[in-house]
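Step one of this worksheet: look at the structure below.
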Amino acid sequence: MAAALGVAATLLSAAGSWIPSLWGDEAASLLSAQRPLPSLFVMLGHVDAVHGAYYLLLLGWIRLVGTSPFALRLPSAIAVGLAVAAVTLIAARLRSPRLAIAAGIICCIIPRVTYMGEEARSYAASAAIAAWLTYLLVELVRRRHPPAWLWVAYGALLAAGVYLFLYLGLLVLAHGIVLGASRVGRATMARWVVACVGALLAVSPLLFWAIDERRQIAYLASRTEVSFGTLTVSLWFGSAEFAAVAWLLILVALAVPLVARLRRRDRPSRPVPHVPSLELVAATWLFVPSLILVTSQFFVADFTARYLSYCAPAAALLIVCGVDRVASRRGWAVAAAIAVVVGLAVPAYLAQRGPYSKNDSDWSNISATLGTRAHAGDAVAFDESVRPSRRPRLALRTYRAGFTGLDDVMLETPYYRNTSWPDRAYSLAKTASLGRLATVDRLWLVEYATPTHVDAYGIDTLRGLGFTRAAEYRTHRSVIYLFTRQPNAGS
C-alpha cells in the first residue's frame, strides 16, 4: 500500500505540471543545471552553494530527459511519491495499517505537497528525505538492538538531506526530543549523537559556503513573510477553508491525548512505552523546525514559507490523527472525514495547475506571442529594471522556441559565463552606443507589467533613435511592443 500510494502521489503531482509557466526560482534551477560543470562550480563559489547538490542532480537528469517544464518538474513529483510512501510506513509502524492508508491519502493532497511536486526546486526532495529520515528514527527506536547499518544509513541520509536543503538539519532537534521522550538508553542516544556529528562533519563545507554567501538573501530584509495568513494558511494549507479544517483536526489530535494524560496524572504511574506516539513524532517534526525558522525572522531575515515545505508530511500525519479521534475510529466515519478533507483540497490543487500559478509568471505566453508574430532577423530587447527573478529576459532562456531567429541585442555576458545564475545585459542606451541597433529596423521590446502599472524601460531611448511603436500585445504580466523605423534611419 505504501508503494501504491507513492505512485498515486507521483501521478497526482505530475498531472498538469507542464501547464504553469516556469518562474524565477525554476529559471535559476534550469540555467544552473545547463551550465558546463566547470562553469557551475565557479558559480557555486559565488552564489547558490546551498542549492549545488540539487543543481548537480538536475544537470544529470536534463541530459537524459530534456528541459521541458514537465521534464524539469518530474523529479519533484517522484520525490513526493517517496515522501508519501514513507509517511504511510511511519503511520503503520506507530498506529495501524488502516490509519496508515488514510495518512498516505491525506499526504497526497496537502496543498503544499502538491505545489512542491510541480516545482523544479529541491523542496520536494527535502520532504522525501525528511520523511524517510523520520522513518529510520522510528525503526531505530522500535528495535531494542538496531543493526549498525541503520545508524550509518541515518547519518548518511541526514547529510544528503542537508546538502539538498540546508534547513533540513533542524529536523535533528525534533528527533532528539522524540528520543528523549521515548527514554531510550544511553547507548542508543550516544549512537544517535555520533550519527549526527558524522553528518555535521560531512556537511561542514556546505556550512562554510552558506555563511560566506549569506549576503545573497539580504534582500529578504525588506520583505515580511511572518504574518497570520502566512503562518496559518500559506505554510502548508493553500486556502483558508482547508486551513481551518486542518488546524481543527491538528488541535484535536494533540489535545485529546494531552487531556487523557492529565486525567491519569493522579493514577499510579506506568512504564513509559519505548515506542513514541505518532502524535509526538509528527508534532515535533511539524513545530520544532517551524518555531526556529519563524522566530529567526526577527533576528536574521532569511525566512520564506517554502523553507518549511519539508514539514508538510508531518501536517498530514497530525490531520489523520485528528480524523481518527473525531471519527471515533469508525471505518465509515474515517472515510467520510477523509473525503471532506480531500474535497477541500481540490480548489487549491486546480489553482496550482493554472497557467500563471507560479508567481504570476507568463514567460510561456511571451514566447508564444513572439513565435507567432516576430520575423527572423528581428531584434528583441527586455525590461531590465525589475529584480533578476522577474525579468522578461528569462522567457528567452526557459521557452526558447518563440525566440528562434531573433537577435538578442542587449546581451552582455551569457549566464554560463557569469559568476551568478542569470545573463548580464546592457541597457538599451549602452546597446545603442555600441552600434548594435544601427542596422535594426524592427525591434520587439518586452516590458514587465502589473494590473496597474506598465514599465517604460528603454522606450524614450528607442524614440530618440527614430523608432516608432507599431504594435502592442498584452500578456498576463508583460506588454510586448513592436518598434519599427525606416530602413537606414539608424545610421
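The values are calculated or read from the model by the stated rules, or taken from the named source; none is laboratory data. Since the structure is predicted, the reported quantities are computational estimates derived from the model, not experimental observations. Because the Cβ atoms are built from the backbone with ideal geometry, glycine has one as well, and the counts that use them run over all protein chains shown. Keep in mind that these areas ignore ligands, DNA and RNA; they rest on the heavy atoms of the full protein, side chains included. Shrake-Rupley method; radii C 1.70, N 1.55, O 1.52, S 1.80 Å.
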Item checked: Tilt relative to the chain, helix 186-202 - C-alpha long axis, 0 to 90 degrees, to 10 -> 10
Check: For the charge dipole of segment 352-491, defined by +1 on Lys and Arg C-beta atoms and -1 on Asp and Glu C-beta atoms about the Cα centroid, which residue among Asn418, Thr450, Phe467 has the Cα displaced farthest towards the positive pole?
Finding: Asn418
Notebook entry, point to check: To the nearest 10 square angstrom, what accessible area does Ile78 show with a 1.4 Å probe?
Noted result: 70
Notebook entry, point to check: What's the longest piece of the chain with no exposed chymotrypsin sites (Phe, Trp or Tyr not before Pro), counting a site as exposed if DSSP puts it in a loop and it has at most 14 other beta carbons within 10 Å?
Noted result: 1-297
Check: Extent of segment 134-177 along each principal axis, from alpha carbon coordinates, in Å, largest to smallest?
Finding: 31, 21, 12
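Could you compute the longest span of the chain free of trypsin sites (Lys or Arg not before Pro) located in DSSP loops and having at most 14 other Cβ atoms within 10 Å, not counting the site residues? Mind showing how you got there, number by number?
Values: sites that count: Arg143, Arg144, Arg183, Arg223, Arg264, Arg265, Arg329, Arg330.
Result for the longest clean stretch: 331-491.
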Next item on the list: Return the long-range amide H neighbours of Asp378 (sequence gap of 5 or more, or a different chain), with a cut-off of under 5 Å between placed amide H atoms.
Entry: Asp407
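Express the carbon and sulfur contribution to the solvent-accessible surface of segment 1-117 as a percent, rounded to the nearest whole number, probe 1.4 angstrom.
On the way: 2920 of 3800 Å².
Carbon and sulfur together cover 77 percent of it.
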Checklist line | Principal-axis tilt of helix 363-373 within the chain, Cα atoms, nearest 10 degrees | finding: 30
Item checked: For Val340, solvent-accessible area (1.4 Å; no DNA, RNA or ligand), Å² -> 80
Check: Tell me, what ³J(HN,Hα) does each residue in segment 167-179 have, in order and in whole Hz, if you take phi through Karplus 6.51 cos²θ - 1.76 cosθ + 1.60 with θ = phi - 60° and put x for Gly and Pro?
Finding: 6, 5, x, 5, 5, 5, 5, 5, 5, x, 5, 4, 5
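May I have the convex hull volume per residue, in Å³, for the Cα set of the chain? Write out the running numbers ahead of the final one.
Details: hull volume 76.7 nm³, N = 491.
Measuring per residue, one finds 156 Å³ for the Cα hull of the chain.
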Margin query: Just to confirm the number: angle between the C-alpha axis of helix 148-164 and the first principal axis of the chain, 0 to 90 degrees, nearest 10?
Written below: 30
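Under the definition of Cα pairs under 8 Å and six or more residues apart, what whole-number percent is the relative contact order of the chain? Present the calculation step by step, with values, prior to reporting the outcome.
Working: 791 pairs, mean separation 91.6, N = 491.
Computed value for the chain: 19 percent relative contact order.
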Next item on the list: Taking only protein heavy atoms into account and a 1.4 Å probe, give the accessible area per residue of the chain in Å².
Entry: 44
Next item on the list: Would you please classify the overall shape of segment 408-491 from the alpha carbon gyration tensor, given that a ≥ b ≥ c denote the square roots of the eigenvalues, rounded means a/c under 1.5, and beyond that prolate means a/b larger than b/c while oblate covers the rest?
Entry: oblate
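Looking only at the chain, where both bridge partners belong to it, what percent of the DSSP beta bridges are antiparallel (to the nearest 5)? Display every interim value, and only then the final one.
On the way: 17 of 23 bridges.
About 75 percent, rounded to the nearest 5.
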